[in-house]
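S.K.: Here you go, one structure.
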Amino acid sequence: MKNLFLICALFSVFFCNSQVNNTKIENPNTYYFNEAIEKPATFPGGMEAFEKFFKENFVVTDKVPSFREPIKILMEFIVEKDGTLSAMRITRHFGFDSKKEGLRVLAKSPKWNPGMEGGKIVRSKCEIFCFI
């Protein structure tokens, strides 16, 4: 009797585990690093077009001193499956409201072409810089 109970218990554990392992639930918070996926997310027109967009929309106020050399702004964000940007951060800036202005320009960005991995559209994290 104990053997029959043990066999039934093992069978039910095995059966339940096989059902769980075959069902893949996608976590909506998962993202991939843009450089590591099959088809990275891209700005319409490429990176040169993004740099142009960023420079044309970045407003240098009177609070920002003029520099002799271009200043690098490093930013990161997630390109969502629909091409919109989320989790935007400016990780390197030159102060003087440049972080706030960089975020304003990113929020104004047109939709990107989302990345793909395994033939599916995925969320992807981008880290890029622009010179101002």
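S.K.: Which condition does E35 not pass, out of (1) open to solvent by 90 Å² or more (accessible area, probe 1.4 Å); (2) under 20 Å from F129 (Cα atoms); (3) modelled with pLDDT of 80 or more, if it passes all the others?
M.R.: All conditions pass for E35, except number (3).
S.K.: So, in region 31-50, exactly how many residues are under 27 Å from F94 (Cα atoms), of a type outside the set (D, E, K, R) and assigned to a helix (DSSP H, G or I)?
M.R.: Looking only at that region, the number is 4.
The values are calculated or read from the model by the stated rules, or taken from the named source; none is laboratory data. From a predicted model like this one, the values you see are computed outputs, not experimental measurements. The accessibility values were calculated without ligands, DNA or RNA, using every heavy atom of the protein model including side chains. Shrake-Rupley method; radii C 1.70, N 1.55, O 1.52, S 1.80 Å.
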